[in-house]
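One structure below.
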Amino acid sequence: MCAESQILIHDPYGPPKDCAMEFRLTYEGLLPSSGNNPHANEKHDIRKKFHLQLKKLWSEHAGLQSLKHPPEFPVISPQSGMGVRFFSGLSTSRIDYLAKQFGRANHHWVPLVTKDLSLWCGLDILYLRPGIPGQVLRAGDIDGRMKTLFDALKMPWQLQDLGDYQNRPVPPDENPFFCLLEDDSLVSQASIETDRLLEFVGGDIPHQDDARIVITVRLHPLIFKWENMGFV
């Protein structure tokens, strides 16, 4: 039986021809279905895995590195012979600005895709799980598992979304905490392909929630402005 695909979110305007930024996020572990149990702890466990990858992306991607420092704008000096000077339009970097804007108690969030950036965001998800290909789709369980995944991709808006983590000290390497989305409503298009997982995730005993996931993220500015220059 072949793998099966499903369109989760479709933008009627379609994706841009050329995506300015493309990268992949991966996850290996349990992916429970969000139903009567919100699985706040499990979602934050997944969120922590994405945090490490996004933190590395911010430190290595040339466009994002430019956002780590306040942007400078050229100004022609009115004084003769002074030429062009530069001044900074912001007093803080993009990271510091986001961490301050999205501070919740002791937590400071740095989402990559935010409302002010005007980005087209597409997600192509490869989801490997135990069982026969297509079984999850026919069982109607895909929506609950994808809700868990999408919640883990976005910053939590309420402390209860952190589960038991809200009462724990924030580790130094998670301050600030990097995540993909300010809100999952910013995803323009998403598709999922499911296939069979041939290797157990947690040892020799299979679990129905075992998952290996590869997410291809594509970003492109819809309106060009200085805030999204790092994505051009």
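The values are calculated or read from the model by the stated rules, or taken from the named source; none is laboratory data. Note that the structure is predicted; figures quoted are calculated from it, not measured. Every residue, glycine among them, receives a Cβ derived from its backbone with ideal geometry; neighbour counts consider all protein chains shown. What goes into the accessible areas is simple: the full protein's heavy atoms, side chains included, and nothing from ligands, DNA or RNA. Shrake-Rupley method; radii C 1.70, N 1.55, O 1.52, S 1.80 Å.
Heavy-atom accessible surface of Glu42, to the nearest 10 Å², is about 70 Å², with a 1.4 Å probe and all protein chains retained. Starting from the Cα gyration tensor of segment 91-232, take the square roots of the eigenvalues, sort them a ≥ b ≥ c, and report rounded, prolate or oblate (rounded when a/c is under 1.5, otherwise prolate if a/b is larger than b/c, else oblate). Oblate, since a/c reaches 1.5 and b/c is not below a/b.
Please find the FRET efficiency linking Ser66 to Asp183, where r is the Cβ-Cβ separation and R0 is fixed at 22 Å, and quote it to the nearest 0.05.
Calculated value: 0.35.
Accessible area per residue (1.4 Å probe, heavy atoms of protein chains only) ranks Asp195, Asp164 as Asp164, Asp195, with the largest value leading. Only protein heavy atoms count here; under a 1.4 Å probe, Trp109 has an accessible surface of about 0 Å².
FRET efficiency for the Lys56 to Gln208 pair, using the beta carbon distance and R₀ = 25 Å, is estimated at 0.20.
Roughly how many Å² is the accessible area per residue of segment 161-232, as a whole number, for a 1.4 Å probe?
Details: 3800 Å² over 72 residues.
That works out to 53 Å² for each residue.
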